[in-house]
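Notes follow the structure.
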Amino acid sequence: MKNTGHGFSLLAEQEVPVSREQFDELVSRPDAMGRWFGVTFHWPTCLETPLEVGAALEFTPSGGVLPCEFIMIVADRVPGESLLLRTTKGTVDVTAEFTWRSVDGGVLVRLRNEVRMRGALWWRCPLTRALVRRAVTRGLECMREDVLGRAGTAAARETRLGARHEVTHRPGGSPRTQPVASCTGVPRLRRPQSA
């Protein structure tokens, strides 16, 4: 992690035991990213449809101090190699780039986040940095666990993931992802209880 003016840059890596093509299929679907990073998608209406350049994702991240909605678009996508997302609405400007390449036993996934605080919010950079670091670490761990669960049998998948993710429908028919409750070995952030 390094500071960049009123923002910061974060690079994280995770090895996943699947082929490049299998990972490409997973990362291009919003429902998978919702499970991994604990976000609630409000748009698109079909979370199983692969993302293409120009597609928009509207979501509310979990774990923030002040909940706000973000709109992120697919800025670039090279099938089997990379996916670049950037925000067009939200309290911070975020660019998230997934890249992956084959390694022995699977793929090495790299997630590079560039985050810049907007306007007078620059003073919140330390808190935002901590939240993003935690979300990325936890998200990549959940991604690995999810991929391992999908590689196993249906029974093993239920044991590993349980009923922690489901797609529900809101009035009007648009689905929402429900964030993952927890991943094995990854602690949840607890807010102090007020008296």
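The values are calculated or read from the model by the stated rules, or taken from the named source; none is laboratory data. Just so you know, these numbers come straight off a predicted model, no measurement behind them. Note: ideal-geometry Cβ built from the backbone for every residue, glycine included; neighbour counts use all protein chains shown.
A few comments on the model shown:
Results for (1) touching an Asp or Glu at 6+ places or on another chain (Cβ under 8 Å); (2) in a strand (DSSP E or B); (3) within 23 Å of Val132 (Cα to Cα); (4) not acidic (Asp, Glu), shown as yes or no for each residue.
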position	(1), (2), (3), (4)
Arg77	yes, yes, yes, yes
Gly80	yes, no, no, yes
Leu85	yes, yes, yes, yes
Val94	yes, yes, yes, yes
Ser102	no, yes, no, yes
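- The range 35-58 - residue that is of a type in the set (Phe, Trp, Tyr) and in contact with a strand residue (DSSP E or B) (Cβ under 8 Å, 6 or more places away or on another chain) and, of those, surrounded by the fewest Cβ atoms within 10 Å (Cβ to Cβ): Trp43
- Hey, Thr137 in a strand (DSSP E or B) and either under 14 Å from Ala12 (Cβ atoms) or at pLDDT 85 or above (or both) or not: no
- Residue check for Thr87: among the β-branched types (Val, Ile, Thr) and out of contact with any strand residue (DSSP E or B) (no Cβ under 9 Å at 6 or more places or on another chain): no
- Only listed residue being surrounded by fewer than 19 Cβ atoms within 10 Å (Cβ to Cβ) and at pLDDT 90 or above, chosen from Arg118, Arg101: Arg101
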